[in-house]
Every structure is written in structure tokens, then in C-alpha cells.
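Working notes, beginning with the structure itself.
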Amino acid sequence: MKGFKQLLTMAALVLFLAACGTNDEGASEEESGSGEGGGEGQTYTVGIDTTYPPFEFEDSNGNYKGIDVDLINAIAENQGFEVTLEPMDFGGIIPALQAGQLDVAIAGMSITDERKEIVDFSEPYFEAGLTLVAQNDNNEIETLEDLDGKTVVVKSGTTGAQFAQDNQEEYGFEITVLEDSPSMFQEVSNGNADVLIEDYPVIAYAIAESNLDLKIVGDRLNGDNYGIAVLKGENADLLDKINAGLQELKDSGEYDEILNTYISE
Ligand code: GLN
């Protein structure tokens, strides 16, 4: 008899909790993703480019990994907010921020003056820069001067694509635009194009980790820094938190730990 009573009490409790649960869910859905207010425990949607190791990639279990993923998760934890990661082609990320589909973007995204017209960037978190990449046995191409009549592959919406456009007339090459980095690597390694333009740390990692028939040629074409982006003028509180979190991770050594997980010096 005692057991039965306990069971009834339990059942009532479960019903009560279930009812509370429903209410809670409703409330938190309203709060999430709005990107406004910057209150404790808010959920922000973060755009990532999962074809971009060592910054972002999907492991064989379907988990998102990489420097950017670990950084944004650590910043969120440090600053008391939640993130939902949203993988997409790099070229779609800034438009998605503008359309309000994303609150944040972390995608090996270089800080540029053009982008600063549309987005606000965090403090820089990684030094990169562009380089030319050719097939291993290509001995014809060393510098931009060698690109006359050649085909250059770039990725849509990137600083590499912009660099190619800006220099196409002067050096007389054709441009092929693709949507992701692995497709670019493929295009040059199978001989459909002569060179590609990619961020130095990304191609250096790809060559070291996988059996690509590619090599880095010449000097770096420029230097730039990666930043975390939010829509311009809309998210000052969130940006403050991102910067505060980033600084704390740098001070505590966690930032270096994250880097060392993926890149060995
Ligand atoms: N850093 C480059 C840019 O910002 C490329 C980024 C990427 O391909 N994910 O355009």
C-alpha cells in the first residue's frame, strides 16, 4: 500500500515536471537566436565552414571539430551563452548574417576593410594570408608573373577570390570559382587548373595531413588576420562578450592549448 502511494506521488510529480518543461521550452525558444539583449544563457546561431580544417571540419562521427569550433565553444562557456553551429559554404556566411539567419560567424574569416562595412569583427585571433598552390611536379609557376594564360581556382566569397579578381587584368589569367576548398584542391591535383589560391595555414595543414599532389609555391601573397564576425551595429553586447572571452582564453593559456591541439609548431 505504501509503495502504491509513493507511485502515485511520483506520477503526480512527473506530470507536474512535464507541464513545467513545456512552459520552459516555449520561453527559451523565444529567447534563442534573437541576438538581442545579450542576456545570460542565450543561444546564438554560429555559421561555420566545415570544409576548412584545421579551423573547422566534421569528424567521422559527424562532430564538428577544429580551432574555430573549440574557440567559440570555449568563449561561449566562459561568457555564459550557448551556441548552435550552422555549417554552410563560406560564400553564404556573410549573406546569412545579413539576413539574420546567423548571429555570429567564425570561419577562418579574414578581417578586411570591405567586410568591415557589413560586419563587426572581434579582435584578431589568428594570423594567416594567401598563397599560390600548384601540382607537385609543376615547375613553371613561382610568382604571379608566371600566371599569364593560366587558370587560377578560387573559392567563392573569399579573400582569395577577391585577390584573383584584383590581379587578373595585370597578370592575364583565367579564374574558376568553386564553392569549397576540397573541390579547389581536386581541381588542381587532377590537372583541370594550374594553380589555386588558399590561406597559407589551411593548405599547409591539408598538405601535411592528406596525400595531396600539391605544393605551396612562392612567397605569401599578403598577410591578414582572422576575426569573429557579427552583423554590423546590431550586436555590440555580444561582440563585447566575444572579445572578453577571447582575451580570457588568451590569458589563461586555453587559447594556446586549443591551437596546439590542431597545429604543431
Ligand atoms: N580567410 C579567407 C576569407 O576570409 C577564406 C576563409 C574560408 O575559406 N573559410 O575569405
**Complete:** Heavy-atom accessible area of SER183, protein chains in place, probe 1.4 angstrom, given in Å² to nearest 10, is 40 Å²
**Request:** At a temperature of 4 °C and a viscosity of 1.567 mPa s, determine how fast the stretch 53-121 diffuses translationally according to Stokes-Einstein, using the Kirkwood radius over alpha-carbon pairs as Rh; express D in µm²/s, rounded to the nearest whole number.
**Result:** 99 µm²/s
**Karplus-derived 3J(HN,Hα), 6.51/-1.76/1.60, for each residue of the stretch 126-138, Hz, glycine and proline x** = 7, 8, 10, x, 8, 9, 7, 9, 10, 5, 3, 9, 7
**Asked** Under 5 Å between amide H atoms, partner at least 5 residues away or on a different chain: which partners does GLY129 have, H built in plane at 1.01 Å?
**Response** TYR200, ASP224
**Additional length obtainable on full extension of the chain from ASP251 to ASN222, 0.36 nm per residue less Cα span** = 7.6 nm
**Item:** Relative contact order of the stretch 151-265, pairs being alpha-carbon contacts under 8 Å that are 6 or more residues apart, as %
**Value:** 21 percent
**Prompt:** Where does the stretch 136-242 land on Rg(C-alpha)/(2.2 N^0.38 Å)?
**Reply:** 1.23
**Message:** Using C-alpha positions alone, give me the convex hull volume of the stretch 56-195 per residue in cubic angstrom.
**Reply:** 136 Å³
**Asked** Which ³J(HN,Hα) values in Hz, rounded to whole numbers, follow from the phi angles of the stretch 150-159 under the Karplus curve 6.51 cos²θ - 1.76 cosθ + 1.60, where θ = phi - 60° and Gly and Pro get x?
**Response** 8, 10, 10, 9, 9, 9, 3, x, 9, 5
**Asked** How large is the charge dipole for the stretch 94-199, taken about the Cα centre, if only the Cβ atoms of Lys, Arg (+1) and Asp, Glu (-1) carry charge, to the nearest 20 debye?
**Response** 400 debye
**Fill in**
Under the Karplus relation with 6.51, -1.76 and 1.60 and θ = phi - 60°, whole-Hz ³J(HN,Hα) for the stretch 90-107, x at Gly and Pro, equal 3, x, x, 6, 5, x, 5, 5, 5, 7, x, 7, 10, 9, 9, 10, 9, 7
**Prompt:** Structure shown: which of LYS150/LYS215; LYS155/LYS215; LYS116/LYS241 lie over 23 Å apart, alpha-carbon to alpha-carbon?
**Reply:** none
**Item:** Kirkwood-based Rg to Rh ratio, the stretch 98-152, C-alpha trace
**Value:** 1.14
**Complete:** If each part is reduced to its alpha-carbon centroid, the stretch 55-95 and the stretch 155-204 end up apart, in Å, by 24 Å
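The values are calculated or read from the model by the stated rules, or taken from the named source; none is laboratory data. Computed from a predicted structure; not experimentally measured. Cβ sites come from the backbone with ideal geometry, for glycine too, and all protein chains shown count toward neighbours. The area values use the complete protein model at the heavy-atom level, side chains included, leaving out ligands, DNA and RNA. Shrake-Rupley method; radii C 1.70, N 1.55, O 1.52, S 1.80 Å.
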